[in-house]
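The values are calculated or read from the model by the stated rules, or taken from the named source; none is laboratory data. None of these values were measured; they are calculated from a predicted model. Here the Cβ positions follow ideal geometry from the backbone for every residue, glycine too, while neighbour counts run over all protein chains shown. Just the protein is used for accessible areas: all its heavy atoms, side chains included, with ligands, DNA and RNA removed. Shrake-Rupley method; radii C 1.70, N 1.55, O 1.52, S 1.80 Å.
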Amino acid sequence: MAYVIRHNELSAEEFILLWSSVWDGTPSLEQTKLAMVHSLFRVSVFDDNNIIAMARVIGDMGLCYYIKDVVVRPEYQRKGIGSILLKEILSFIDSHGISGSYIAVELAALPDKIGFYEKLGFSSNNAKRLRLMYQVK
Ligand SMILES: CC(C)(COP(=O)(O)OP(=O)(O)OC[C@H]1O[C@@H](n2cnc3c(N)ncnc32)[C@H](O)[C@@H]1OP(=O)(O)O)[C@@H](O)C(=O)NCCC(=O)NCCS
């Protein structure tokens, strides 16, 4: 496998490119730039010079990490790259969380993706995800 893994280099433009390979309604460049700057950790995977996967984590380092935007380009899925992204994030947490402590690593997933996360040790509970699409004044 000749993939290249990069830390904290994911740009807003790359984020939007990957997002649009799997989801509709891409976020604005301005919003995405702000989100990249304020993420705790960003990981991206390249095949030659082409970005093929990304993930990022937000959180407070002490009590909670929240995984966001785990994306593998469709033609590269089911080759182990999604697992690499999650392992890179867990490795970041190992390097920055308090050694020996238990910390919540959370995310939201659609039902058809839960099996992927379960293979990596995640489990769901009865809590429901609540969301307000708030328009900033
Ligand atoms: C979900 C996603 C990140 C998985 O990435 P991937 O590179 O295909 O996953 P991997 O190849 O590392 O798979 C690891 C294991 O999970 C399994 N798996 C992958 N996708 C799965 C799914 N949707 N449901 C159940 N199991 C799945 C694989 O078969 C593999 O199992 P194995 O270890 O027994 O061989 C990828 O499908 C994706 O980007 N989807 C579109 C964007 C998206 O929905 N992201 C998730 C947001 S919550």
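Output the antiparallel fraction of DSSP beta bridges having both residues in the chain, as a percent to the nearest 5. Write out the running numbers ahead of the final one.
Working: 17 of 20 bridges.
So the antiparallel bridges amount to about 85 percent of the total.
From the gyration tensor of the Cα coordinates in the chain, what semi-axes in whole Å does the equivalent ellipsoid have, largest first, with each one equal to sqrt(5λ)?
Details: eigenvalues 94, 78, 56 Å².
The answer is 22, 20, 17 Å, longest axis first.
At a 1.4 Å probe radius, carbon and sulfur cover how many percent of the accessible area of the chain? List each step's numbers first, then the result.
Details: 4890 of 9430 Å².
C and S fraction of accessible area: 52 percent.
Computed over the Cα atoms, what is the radius of gyration of region 79-128 divided by 2.2 N^0.38 Å, N being its residue count?
On the way: Rg = 12.2 Å, N = 50, 2.2 N^0.38 = 9.7 Å.
So region 79-128 has a normalised radius of gyration of 1.25.
Hand me the chymotrypsin sites (Phe, Trp or Tyr not before Pro) from region 29-137 located in a DSSP loop with no more than 10 other Cβ atoms within 10 Å, in residue order please. It would help to have the intermediate numbers written out before the result.
Working: sites: PHE41, PHE46, TYR65, TYR66, TYR76, PHE92, TYR102, PHE116, TYR117, PHE122, TYR134; in loops: TYR102, PHE122, TYR134.
Taking region 29-137 and a limit of 10 other Cβ atoms within 10 Å, the loop chymotrypsin sites (Phe, Trp or Tyr not before Pro) found are TYR102, TYR134.
For the residue pair SER99 and ASP48, what label-to-label distance in nm results when each label sits 7 Å from Cα along the Cα-to-beta-carbon direction?
Spacing of the two 7 Å Cα→Cβ label points: 4.3 nm.
Amide H to amide H, which residues 5 or more places from GLU106 or on other chains are under 5 Å from it, using H placed in the peptide plane?
TYR65, TYR66, ILE67
Counting helices only, and only those DSSP H runs with n ≥ 4, report the 222 nm mean residue ellipticity of the chain as the sum of -39,500 (n - 2.57) divided by its residues, in deg cm²/dmol to the nearest 500. Show your work: numbers first, answer last.
Working: 4 runs with 43 residues, N = 137.
The helix-only estimate for the chain comes to -9500 deg cm²/dmol at 222 nm.
Quick check on my link table: of LYS33/LYS137; LYS87/LYS128; LYS68/LYS128; LYS79/LYS119; LYS79/LYS128; LYS33/LYS87, which ones sit more than 21 Å apart, alpha carbon to alpha carbon?
As for pairs spanning more than 21 Å Cα to Cα, those are LYS87/LYS128; LYS79/LYS128; LYS33/LYS87.
On full extension of the chain, what length is gained from ASP112 through ASN8, given 0.36 nm per residue of separation minus the C-alpha to C-alpha distance?
On the way: separation 104, 0.36 × 104 = 37.44 nm, distance 2.84 nm.
Using 0.36 nm per residue and subtracting the Cα-Cα distance, I get 34.6 nm.
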